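This report refers to the structure that appears directly beneath it.
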């Protein structure tokens, strides 16, 4: 019976763990078929970009505010559109309140010819306070007082 040397066993375990991790993350980084959350932090502020790999064209860009998270997902869209048949949906949640603060959907290239890139902006970048819910009410017009013979 032939046995493998003991020192190669940790390397084999590490290689298998790495391969399993890469398989699980394949939909997140490599081919962008599933959904994946991106989180922007003080020392890792993120900008996301959707790229059409056929042309190298940047189709969409978003500077994710520090403290916020974004979920990007891909869905079947307009099957008659051969250039952009799918749809990319995105949603930004506030790290402070957990509320959705922005969301949208755009047509995008099909699986296999699209890519999400993300870049880190210059650090440190700090969270900005959220804007108030609504605009304050305007002040009432000034009240004119009748002139009662004073100086003037």
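The values are calculated or read from the model by the stated rules, or taken from the named source; none is laboratory data. Predicted, not measured: the structure shown is a model, and the values here were computed from it. Here Cβ is always computed from backbone atoms with ideal geometry, including for glycine, and neighbour counts include all displayed protein chains.
Annotations
- Residues located in the stretch 77-100, provided they are surrounded by 17 or more Cβ atoms within 10 Å (Cβ to Cβ) and assigned to a strand (DSSP E or B): 86, 88, 90, 91, 92, 93
- Test for residue 132: is it over 22 Å from residue 44 (Cβ atoms) and at pLDDT 95 or above: no
- Residue count, the stretch 42-76 (criterion: within 10 Å of the chain's Cα centre (by Cα), within 22 Å of residue 125 (Cα to Cα) and outside any loop (DSSP other than H, G, I, E, B)): 10
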